[in-house]
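First comes the structure, then the notes that go with it.
The values are calculated or read from the model by the stated rules, or taken from the named source; none is laboratory data. The structure presented is a predicted model; accordingly, all values stated were derived computationally and were not measured. Here the Cβ positions follow ideal geometry from the backbone for every residue, glycine too, while neighbour counts run over all protein chains shown.
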Amino acid sequence: TVTLFEIVPEEPYTEEDIDWRNKESRSTKEMEDLSCRPAMKNDIDNLEDYKMIFIGFPLWWNREPSIIDTFLDAHNFDGKIVIPFCTSGGGGAALLGDRINELLHRKAIVTQCKRLGGDFSIPDLKVWTDGLENLN
């Protein structure tokens, strides 16, 4: 079974909120505080039904947005396979798998985060996902 679930913040982000050049923007303040956990508007009821979970997000300040941390903290990922991926026009995602693994207290199998940039093609996507089949 494949389910698509969108993590939605209780307070939607505006363009001003995500202006990374503004030191006073909401996103800048959230990203400076690693303990920040913005409230979610919604939640998934049956995460325990899934063994493999893809978690996608835009790369903010070289890490996942704080709302992702809220989602990770809200659920038990023990024994699950967690596959993080991010969108970014630049910047690296090399350490994100380790960061997410730490957030999950190393109780899940967390792959290296895959960055999907503007040059990522359908064949690239197939190669990446085909390589994940051995995790099941």
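Numerical summary
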item: Condition met for residue 86 (at pLDDT below 95 and in contact with a helix residue (DSSP H, G or I) (Cβ under 6 Å, 6 or more places away or on another chain)); result: no
item: Residue satisfying all of: in the range 17-71; within 17 Å of residue 108 (Cα to Cα) and hydroxyl-bearing (Ser, Thr, Tyr); modelled with the lowest pLDDT among these; result: 50
item: Any hit, the range 83-99, residues being of a type in the set (Lys, Arg) and in contact (Cβ under 8 Å) with a residue 40 or more places away in the chain; result: no
item: Where a residue in the range 37-54 is more than 14 Å from residue 81 (Cβ to Cβ) and free of Cβ contacts under 8 Å to residues at least 40 places away in the same chain and its partner, wherever it lies, is surrounded by 16 or more Cβ atoms within 10 Å (Cβ to Cβ) and among the hydroxyl-bearing types (Ser, Thr, Tyr), with Cβ under 8 Å and at least six apart; result: 37/66; 37/70; 38/66; 38/70; 39/70; 40/70
